[in-house]
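These notes are about the structure you will find just below.
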Amino acid sequence: MSNSFFAKMSRRSLLGAAAFTGAGILLKSCTNSASTGSNAASNATSNTASQTGGKLIATTLPGSWEQFNRTVVVSKFNADTGAETSLVPLVSADQIAKLKASPSSPPFDVVSLDYGVFDGAPKEELFQKLPLDKLKNYADLAERFQSQDTWGPLIGIQAVGIAYNPKVITTPPTSWADLWDDKYKGRVALMAMKNNHTIGFMQKVAKMHGGSTENLDPAFAELEKLAPNLAGVVANAGALITLFQQGEVDIAPHDLNSVKLLQSKGVDIDWVMPKEGGFALTPTMSIVKNPTASLDLAATYIDTAISTDVQTQMTETSYVLPTNKNVPIPAAIAQKLGNNLDEILTKLEFLDWATINKNRTEWVAEFDKIVQV
Amino acid sequence: MNIAKLFTPREGQLALPLAIFLHLFYVIPLAVLLASSFQQAAGVPGFSLGQYGEFFRDPVNLKVLRDTIFLGVQVTLACLILGYPVAYVFANAPGKWKGILTFLILLPLLTSAVVRTFGWVVILGKQGLVNTFLQNLGLIGEPIKLLFTHHGVAIAMTQIQLPLMILPIVASLSQVDPRLAAASASLGGGAWRTFWKIVFPLTLPGVISGCLLVFAITVSSFVTPSIIGGGQVMYMPTLIYQQAVVLLNGPFAAAVSAILLAVVLAVVIGLSTLGQKSRAYIR
């Protein structure tokens with residue numbers, strides 16, 4: 001590759017690129033109209049055959065959610081409907097990115113993702129309202145989770161509190177403020193601000209220091225003071241888990257279900273709800289616009305996920321709190337959080353995602369500015 | 001124009017399948033990307049340099065750009081310094097060792113970058129191999145912080161990119177006529193002088209293509225910087241991901257991508273000019 005090669009190539013290749021771009025745009029518009037046509041056709045055919053089979057593509061959050069959805073939700077749904085379900089594990093933001101890339105022929109029929117991210121997406125373009133008449137179990141949801149006009153139900157509640165290593169920290173922390181304690185110098189970890197865990201944490205800290213949902217300035221001031229204690233700011237929950245496993249950090253905000261999963265794998269980790277209360281991260285399920293599978297099938301899949309049966313298993317095996325009011329609270333959760341759902345929910349803040357998403361870009365930039373080394 | 005002429009096989013036509021593939025899946029998306037970087041906001045038509053202005057106005061973004069280029073240069077130099085001797089040993093090794101050495105050199109490429117990166121998390125941690133080793137030797141009292149630092153990323157990237165530096169240099173070295181060294185020796189040239197005056201210049205094309213590969217792949221790699229660097233050291237690819245996927249700020253992400261592309265292209269053009277010169281020098 002020589003310099004003259006570049007000089008010679010530029011005009012011709014530019015022309016070629018332009019021609020191909022034009023062709024590409026033409027091609028794209030063709031496929032769009034073609035695929036919506038075939039979608040309509042397949043919708044018509046599969047509608048009639050929905051109870052005797054069909055195919056459904058659903059997303060799942062990765063990790064313990066994938067394991068649970070595969071072994072419980074999908075197997076029950078397939079057995080009930082005779083359908084064939086493919087499960088695609090993707091983090092919330094990637095699900096939205098994939099849908100945005102081809103809104104007229106979406107790669108999935110049903111998505112399952114974090115409500116915080118869902119709320120920030122262009123909902124009208126990508127999703128459709130939940131057809132309540134097609135769901136049998138919707139009335140079993142706790143009253144506060146029901147709505148006549150909804151994009152989809154919350155399928156569980158992840159309680160976020162403080163995760164710590166009980167081998168090193170023998171007296172459990174009691175407050176979010178403990179993260180600033182001198183004795184945890186270099187032992188605290190946070191996920192980056194793009195993670196909803198940290199958004200919620202910053203909200204909590206702001207409110208403890210005179211801020212509000214819109215005003216995170218007090219939390220950013222506190223974040224600067226946290227610097228000596230901070231062992232690291234990790235990219236995501238997966239990286240945080242590695243740090244706990246390696247004994248690299250001892251204390252961090254995290255959710256109960258991830259901590260319980262680690263505990264079951266033999267990692268020295270435990271979880272407490274701080275006295276100021278924790279906050280809730282809420283995965284939701286929604287049907288995409290223009291699904292390839294029939295609407296009946298997609299609605300039934302969501303119905304399965306909120307059924308008493310499935311949510312009982314979710315609560316017992318994954319330690320995700322139920323949104324279905326008929327689910328009993330198992331002892332392991334009751335001991336940490338309270339005996340019934342109403343009591344537990346008073347200790348968990350449900351975040352105002354509409355406000356958060358409006359400020360998210362600015363806050364992420366501010367957070368990055370403070371933690372950059 | 002004679003139609004039959006179109007169907008007479010020419011060498012260029014053999015590359016046609018790849019050319020079509022690249023145009024469909026690389027050139028067109030690239031054009032779309034560049035086009036969207038000139039949007040004022042996602043979905044707003046019109047031409048604007050606003051996204052680029054925004055990038056260059058913010059000192060945080062400029063630091064990200066500087067860090068990325070610095071990382072690229074650091075890793076390239078480290079790979080060159082560590083990789084050249086390995087390539088030299090390989091080229092001069094007896095035949096039966098070459099198989100084993102090839103395997104050892106290629107070994108890092110046989111596992112996925114994600115797995116290797118998590119391995120480095122274990123090695124670089126405060127209770128990891130490096131710190132335990134240094135502490136047991138009594139060289140350091142307190143563990144040094146490597147994870148979530150620029151140096152940690154540079155160390156891990158160097159290991160991951162090393163094969164890409166070694167292989168082109170090996171190819172270059174194996175083309176050097178061994179009689180040249182003998183001739184140099186007969187004319188009174190010492191081993192050191194022979195190497196610098198004869199062998200090294202002859203392998204410059206290999207060195208340059210190795211540097212090109214390592215630099216381009218380092219500045220555009222995502223997994224290792226995001227896991228080892230965490231949220232505290234940001235590079236261009238992590239910035240692009242954050243803007244495009246997390247913050248849904250497509251046009252800005254496209255502008256950042258275009259800037260990264262421009263940097264890589266500048267280095268590619270610069271190094272290939274150098275490559276051209278070095279080839280002329282050999283003749």
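Helices in chain A, meaning DSSP H runs of at least 4 residues, each add -39500 (n - 2.57). Divided by all residues, the mean residue ellipticity at 222 nm is -14500 deg cm²/dmol. Spatial offset of the stretch A:250-264 relative to the stretch B:256-283 amounts to 49 Å, using the alpha carbon center of each. Quick one: compute the contact order of the stretch B:50-282, relative version, from alpha carbon pairs under 8 angstrom and 6+ residues apart, as a percent. This gives 28 percent for the stretch B:50-282. What translational D, rounded to a whole number of µm²/s, comes out for chain A from Stokes-Einstein when the hydrodynamic radius is the Kirkwood one over Cα pairs, at 37 °C and 0.692 mPa s? Estimated via Stokes-Einstein, D reaches 145 µm²/s.
Of the residues B:Arg193, A:Arg360, B:Arg179, the one with the fewest other Cβ atoms within 10 Å heads the list, and the complete ranking is B:Arg179, B:Arg193, A:Arg360.
Backbone geometry of the stretch A:339-356 corresponds, through the Karplus equation with coefficients 6.51, -1.76 and 1.60 at θ = phi - 60°, to 3J(HN,Hα) couplings of 7, 9, 4, 4, 5, 5, 5, 5, 8, 10, 8, 9, 6, 8, 5, 4, 5, 4 Hz, x marking Gly and Pro. The H on the amide N of A:Gly278, modeled in the peptide plane, is under 5 Å from the matching H of A:Glu349, each at least 5 residues off or on a different chain.
What is the Cα convex hull volume of the stretch B:89-166 when expressed per residue in Å³?
118 Å³
The DSSP beta bridges internal to the protein assembly as shown are antiparallel in roughly 60% of cases.
Both radii were evaluated on the Cα set of the stretch B:199-267; the Rg over Rh quotient, with Rh as the Kirkwood radius, amounts to 1.13.
Using the alpha-carbon positions of the stretch A:78-144, Rg (one decimal) and Dmax (whole number) come out as 13.9, 36 Å. Among A:Asp342, A:Asp255, A:Asp368, A:Asp182, a tally of other beta-carbon atoms within 10 Å of each Cβ gives an order, fewest to most, of A:Asp182, A:Asp342, A:Asp368, A:Asp255. Taking N as the residue count of the stretch B:1-149, its C-alpha radius of gyration divided by 2.2 N^0.38 Å amounts to 1.71. Across the stretch A:273-290, in residue order, what do the Karplus-derived ³J(HN,Hα) couplings come to in whole Hz, using 6.51 cos²θ - 1.76 cosθ + 1.60 with θ = phi - 60° and x for Gly and Pro? Result, ordered by residue: 8, x, 5, 6, x, x, 9, 10, 10, 10, x, 10, 10, 8, 9, 6, 6, 6 Hz. Take the stretch B:155-283, compute every pairwise Cα distance, and split them into 5 Å bins from 0; I just need the percent in each bin. Per 5 Å bin, starting at zero, the Cα-Cα P(r) for the stretch B:155-283 comes out as 2, 10, 15, 15, 15, 12, 9, 8, 6, 4, 3, 1, 1, 0 percent.
Would you mind pulling out the separation of the Cα centroids of the stretch A:288-310 and the stretch B:16-49, in Å? Each part's Cα centre sits 36 Å from the other's.
3J(HN,Hα) couplings calculated from phi for the stretch A:314-325 with the Karplus curve 6.51 cos²θ - 1.76 cosθ + 1.60 (θ = phi - 60°) are, in sequence order, 4, 5, 6, 8, 9, 6, 8, 6, x, 9, 8, 6 Hz; Gly and Pro show x.
Taking the three principal axes of the alpha carbon atoms in the stretch B:50-282, the coordinate ranges are 65, 49, 30 Å, sorted in descending order. Here the mean projected area of the convex hull built on the C-alpha positions of the stretch B:100-223 is 10.5 nm². Shielding value for B:220-232 is 5, the average number of Cβ atoms from other chains within 10 Å of each residue's Cβ. Once both labels are positioned 7 Å from their Cα atoms along Cα-to-Cβ, the gap between A:Ser147 and A:Ser264 label points is 3.1 nm. Bridging of A:Lys325 to lysines at a Cα separation below 28 Å is possible for A:Lys76, A:Lys123, A:Lys129, A:Lys134, A:Lys136, A:Lys204, A:Lys260, A:Lys275, A:Lys336, A:Lys347, once same-chain residues fewer than 8 apart are set aside. Hey, for a label at A:Ala139 modelled as a point 7 Å past Cα toward Cβ, could you say which residues of the stretch A:282-313 have their backbone N under 18 Å away? Label zone hits: A:300, A:303-304, A:306-309.
Between A:Lys55 and B:Phe200, the FRET efficiency estimated from the beta carbon spacing at R0 = 56 angstrom works out to 0.35. The distance separating the Cα centre of the stretch A:86-119 from that of the stretch B:164-219 comes to 51 Å. Computed from the C-alpha gyration tensor, the three semi-axes of the ellipsoid equivalent to the protein assembly as shown are 48, 35, 23 Å, from longest to shortest. Normalised size of the stretch B:115-156, defined as Cα radius of gyration per 2.2 N^0.38 Å with N residues, equals 1.11. Residue by residue along B:145-156, Cβ atoms of other protein chains within 10 Å of the local Cβ number 2 on average.
The order of A:Trp180, B:Trp196, going from fewest to most other C-beta atoms within 10 Å of their C-beta, is B:Trp196, A:Trp180.
The alpha-carbon atoms of the stretch A:147-199 define a convex hull whose volume equals 134 cubic angstrom per residue.
Kirkwood Rh, the stretch A:216-373, all Cα pairs: how many Å? So the Kirkwood estimate lands at 18.6 Å.
Summed over qualifying helices (DSSP H, 4 residues or more, each -39500 (n - 2.57)) and divided by its residue number, chain B shows a 222 nm mean residue ellipticity of -23000 deg cm²/dmol. What would the Debye equation give as log₁₀ I(q)/I(0) for the stretch A:115-188 at q = 0.12 Å⁻¹, counting only Cα atoms as equal point scatterers? After summing over all Cα pairs, the log10 values are -0.61. Counting only other chain Cβ atoms within 10 Å of each residue's Cβ, the peptide A:229-242 averages 5.
Laboratory data are not the source of any read-out in this text; all were calculated from the coordinates shown. What you see is a predicted model; the values in this text were computed from it and never measured. Backbone-built Cβ (ideal geometry, glycine too); neighbour counts: all protein chains shown.
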